[in-house]
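Below is one structure, written out as structure tokens, with a few remarks after it.
The values are calculated or read from the model by the stated rules, or taken from the named source; none is laboratory data. The structure presented is a predicted model; accordingly, all values stated were derived computationally and were not measured. Cβ atoms come from the backbone with ideal geometry, glycine included; neighbour counts cover every protein chain shown.
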Amino acid sequence: MEGTILPDLGTPNASHSVSTFINCPYYFPSLPQLQRRKHCLSVLALIDNKPNSVPTIALPLHIPNKPTLDELIDAVINDQTLLASEGEVDTMFFNNRDVINYEGNEFYRFRYTDTNVHCSHQHPQLRNLVYATSKNDVYYLYDNSIQHWSPQRRSSTTILGRPLRNLHSRIPNRITTMAAMDEFLIVGGEDGSFTFMNLQTCENPVYDSFTTEHYLEVNGIEITRSRTGAYMSSNDHVDKQLRCLDLTTLQVSATFPALKFANFASQSPDGHMLALATDELEGHVMSVNSREKIATLKGHQRFSFSVAWSPDSRMLATGNDDHSTCVFDTRMLTTPVHILSREVQESVRSLRYSNCGRYLAMAEDRHYVHIVDTTTNYSQAQKIDFVGDISGISFTPDGEGLYIGVSSIDFSSLLEFEKFRPSSGGTKYDQFDPLCF
């Protein structure tokens with residue numbers, strides 16, 4: 001199939017039947033045809049409400065007049081196609097991008113990986129599947145099971161998966177997202193269900209669902225502390241409802257209306273604001289108290305799938321399909337103060353601030369993770385490159401470690417990085433970083 005030319009495809013931006021991709025086993029090769037159709041239509045959002053109409057796509061602007069099948073499929077998988085109704089990308093967006101220096105920067109260096117430890121992801125756009133709750137506990141997804149990696153013992157065990165499934169304890173049929181913090185773990189599935197587990201005991205996980213409807217995915221989960229000290233979980237559903245779950249009672253404590261499909265949500269560390277990444281060009285910031293929208297985030301050209309707050313709640317970062325990360329100052333949310341995209345090759349799927357706030361990690365769809373030093377006004381960065389899709393990224397709570405899940409047919413592993421502190425003096429990096437302590 002490699003190098004095959006599709007006949008009579010015409011010129012870029014010409015519309016063609018999506019069945020070209022549905023019938024191709026290269027796209028989601030492990031899924032049957034009907035499942036490929038469902039996911040292809042879901043990922044590209046090409047469902048037309050007109051009766052008897054055929055969903056169509058527009059060829060990417062950068063693809064030649066006679067693209068190969070591989071080029072088209074690659075563009076579809078990475079969501080780089082532009083719908084004909086959207087028009088061309090605003091050139092001002094590219095002119096306003098920040099200039100970032102990567103030369104000579106090494107904030108984190110590779111420490112260890114075990115090729116017998118594998119990561120995976122189930123959804124082409126949801127990549128929040130790696131969480132480090134301490135320097136000795138890392139949780140990640142593999143084969144629809146949650147694994148625990150111990151850096152000290154350098155061993156991995158299954159804590160939530162098929163061995164734990166019984167009549168009173170189940171896991172979602174297909175895990176799409178997860179979150180872990182302190183002693184809490186929650187996983188969400190494509191059927192609208194979720195499973196809660198206490199990591200201190202790893203016993204009697206609780207299985208529940210927010211809906212009885214089919215094909216409603218849990219797109220994102222974040223565990224955070226409310227201002228009263230209770231633990232909350234924001235579950236983003238494609239039914240346009242954002243739910244806050246009190247983990248002490250496992251009851252829904254609040255709901256927020258989402259104007260469009262919610263892909264991810266994150267509460268500010270001070271507990272006042274809630275940022276939403278949705279299937280819109282604009283993001284939204286809502287008040288936790290009034291549950292009303294207080295700001296609209298403008299600056300992106302496509303849909304957003306990731307959002308992250310700095311620890312002091314002053315900066316808000318959003319990752320987008322337009323290959324950029326916009327950084328907003330909460331004192332002026334009308335326009336981004338930074339647009340980080342000049343070195344980004346693909347969609348930004350996951351964002352993480354270190355707990356000290358010094359570093360912002362940006363994970364692309366595959367191959368690259370960017371680490372930006374925020375103390376340099378976001379002007380210095382390090383690029384970590386490898387081969388494979390990225391299932392998730394996570395800093396350790398002390399900021400000393402960084403974990404990257406690599407999910408690929410050819411290579412799959414959990415990569416461990418440590419903060420780089422040269423032993424010799426006279427370097428640009430200090431032995432002791434007071435910001436992270």
Completion exercise
Of (1) touching a helix residue (DSSP H, G or I) at 6+ places or on another chain (Cβ under 7 Å); (2) without any contact (Cβ under 8 Å) to a residue 24 or more places away in the chain, Ser290 fails just (1)
Problem - 2 or more residues surrounded by fewer than 21 Cβ atoms within 10 Å (Cβ to Cβ): qualifying strands (runs of 3 or more DSSP E) within region 239-299 - result: 241-246, 251-257, 283-287, 293-297
Practice task
Would you check which residues across region 385-403 are surrounded by 21 or more Cβ atoms within 10 Å (Cβ to Cβ) and either over 20 Å from Asn355 (Cα atoms) or not assigned by TED's automatic domain parsing to the domain that holds His118 (or both) and list them?
Solution key: Asp389, Ile390, Ser391
Fill in the blank from the handout: Taking first residues from region 325-343 that are on the phi > 0 side of the Ramachandran plot and second residues anywhere that are surrounded by 15 or more Cβ atoms within 10 Å (Cβ to Cβ), the pairs with Cβ under 9 Å that are 6 or more apart or on different chains are none
Handout entry: Filter result (touching a residue at least 40 places away in the same chain (Cβ under 8 Å) and either basic (Lys, Arg) or surrounded by fewer than 20 Cβ atoms within 10 Å (Cβ to Cβ) (or both)) within region 358-381
Key = Arg358, Arg366, Asp373, Thr375, Ser379, Gln380
Practice task
Among the residues of region 342-357, write down those that are surrounded by fewer than 21 Cβ atoms within 10 Å (Cβ to Cβ) and either basic (Lys, Arg) or in contact with an Asp or Glu (Cβ under 8 Å, 6 or more places away or on another chain) (or both).
Solution key: Arg342, Gln345, Glu346, Asn355, Cys356, Gly357
Handout entry: Leading residue by the ranking (nearest to the chain's Cα centre (by Cα)) among those in region 307-324 that are small (Gly, Ala, Ser) and under 12 Å from Leu340 (Cβ atoms)
Key = Gly319
